[in-house]
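Colleague: Quick one: the structure is below, questions incoming.
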Amino acid sequence: MKQLELVIVQFEEVKKLIHVGRVPQLRLAFILLDSAVELIMHRKVQRELDGEQWQFNYLEKYRRMENSGSGGDWVREQIAELEPQVTSKRRRKKINDVFGEKVKFLVERDALPTEVLPVMSRLHEYRNETYHRDEHRVDVLLPAVLHGRRPPAGAG
C-alpha cells in the first residue's frame, strides 16, 4: 500500500504544480511525472523478472556446475534449454540502469504497446535536459504536463 501511496502523492503534487502553470512549476511537474512513470515501470519490470527467477537460479546453478567440470552433456542441455527463458545478468543490469531499456523490455513482454517506445524515450530525454542541464523546452514541457492545454496568462 505504501508503494501506491507514493505514486498517488506524486500525482497530487503534479496537479498542484500544473495549476500554477508557470515554467518552473511545469518543470517540476514534468520531473515528477517522469519519476512516477519510471517507478511504475521499475515495479512492473521487477514482477516480470521475479516470474523467471526459478529458471534464472537453476541456470546459474548449472553454469557453476559446468564451470567446475561436473555434469557433462546433461548440464549443457539444461543450460541451452534455460538460456532463452531468462533475462541475462547483463541485460538485467541495463534494464535497471537505463530508462529506455525498461521501456524496451516491457514492450518485448507486451506490457506496453510498441508505439510508446519512441515517445517515452524522447520525453525522458527532454526530462534529462530540464533536470540535468537546466534547458527548458516550453513547446515540449507544456504539452507533456498539460496535454495541450494553453498555459494561464503570464505563464513563463
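Bear in mind that the values in this text are calculations on the coordinates, not laboratory data. What you see is a predicted model; the values in this text were computed from it and never measured. As a convention, Cβ positions derive from the backbone with ideal geometry for all residues, glycine included, and neighbour counts pool all protein chains shown.
Colleague: Taking the highest mean first, how do the peptides 81-91, 26-36 order by number of other beta carbon atoms within 10 angstrom per residue? Walk me through the numbers on the way to the answer.
Modeller: Values: 81-91: 13.3, 26-36: 20.2.
Ranking the peptides 81-91, 26-36 by packing returns 26-36, 81-91.
Colleague: Quick one: length gained pulling Glu115 to Glu52 fully straight, 0.36 nm per residue minus the C-alpha distance? The partial results should precede the final answer.
Modeller: Values: separation 63, 0.36 × 63 = 22.68 nm, distance 2.58 nm.
Computed gain between Glu115 and Glu52 is 20.1 nm.
Colleague: At a Förster distance of 30 Å, what's the computed FRET efficiency of Lys93 paired with Ile8, Cβ-Cβ distance as r, to 0.05? Intermediate values should be presented prior to the final figure.
Modeller: Values: r = 30 Å, r/R0 = 1.00.
About 0.50, to the nearest 0.05.
Colleague: Where a Cα-Cα gap under 19 Å defines reach, which lysines qualify for Lys44, not counting those fewer than 8 residues away within the same chain?
Modeller: The reachable lysines, counting only those whose Cα sits under 19 Å from Lys44, are Lys2, Lys89, Lys93, Lys94, Lys102, Lys104.
Colleague: For the stretch 1-127, what log10 I(q)/I(0) values come out of the Debye formula at q = 0.12 1/Å, with one point per alpha carbon and no solvent?
Modeller: -0.60
Colleague: Can I ask one more? Using the crude model of +1 on Lys and Arg Cβ and -1 on Asp and Glu Cβ, and no other charge, please compute the dipole size for the stretch 1-82 relative to its Cα centre, in debye to 20.
Modeller: Details: 12 positive and 13 negative charges, 103 e Å.
About 500 debye.
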